[in-house]
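The values are calculated or read from the model by the stated rules, or taken from the named source; none is laboratory data. All of these numbers come straight from a predicted model, not from anything done at the bench. So basically every Cβ, Gly included, is an ideal-geometry build from the backbone, and we count neighbours across all protein chains shown. The protein model used for the area step is the full one, side chains on, heavy atoms only, and it has no ligands, DNA or RNA in it. Shrake-Rupley method; radii C 1.70, N 1.55, O 1.52, S 1.80 Å.
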Amino acid sequence: FQVQGGARPQLGQLLAVRSLFSGSLLALNRLQVDHVRALSQVLFLTPHLPAFFLRHRLRSHLLEIQHLDRALLHLGLGQLSEEELRAACYLRGLNSTHLGRAECRAWLEQWLGLSCELQGT
């Protein structure tokens, strides 16, 4: 599957490749260093560290996101202010500067759907 022109993939497209995301925290140890650096950039983390530190930082970041996703599923997105919605998007790698509140909420709903589906497998 391919996303072109910076378009965000739909939930169904991501679920179609779910096997790539299975295993122990995305199996970061199996990724090549270039892929770890690219993933770090996507999540707005500094990619200019040795591979060991990048993997450790990514693993910590992903664990934090997992815990926050569970909390958001429990509380609901309706409890978040616009600033909190934007911060939640940013933490997950989406620059929401040019998105409205409804678009941020829709993106987070899709994210939580995928996160819930992946955590269930």
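Per-structure values
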| item | result |
| --- | --- |
| Candidate set: segment 70-93, residues that are open to solvent by 20 Å² or more (accessible area, probe 1.4 Å) and either within 21 Å of LEU45 (Cα to Cα) or aromatic (Phe, Trp, Tyr) (or both); chosen: the one modelled with the lowest pLDDT | GLY93 |
| Single unsatisfied condition, VAL17 versus (1) open to solvent by less than 80 Å² (accessible area, probe 1.4 Å); (2) modelled with pLDDT of 85 or more | (2) |
| Hey, LEU118 farther than 19 Å from PHE44 by Cα and either open to solvent by less than 60 Å² (accessible area, probe 1.4 Å) or β-branched (Val, Ile, Thr) (or both) or not | yes |
| Wholly within segment 26-121, helices (runs of 4 or more DSSP H) carrying at least 1 residues that are basic (Lys, Arg) and out of contact with any Ser or Thr (no Cβ under 9 Å at 6 or more places or on another chain) | 33-42, 51-75, 101-120 |
| Per-region count, segment 48-62, residues touching a Leu at 6+ places or on another chain (Cβ under 7 Å) and either over 21 Å from SER115 (Cα atoms) or not charged (D, E, K, R) (or both) | 3 |
| Test: residue in segment 100-112 that is among the small types (Gly, Ala, Ser), open to solvent by less than 40 Å² (accessible area, probe 1.4 Å) and within 16 Å of the chain's Cα centre (by Cα) | no |
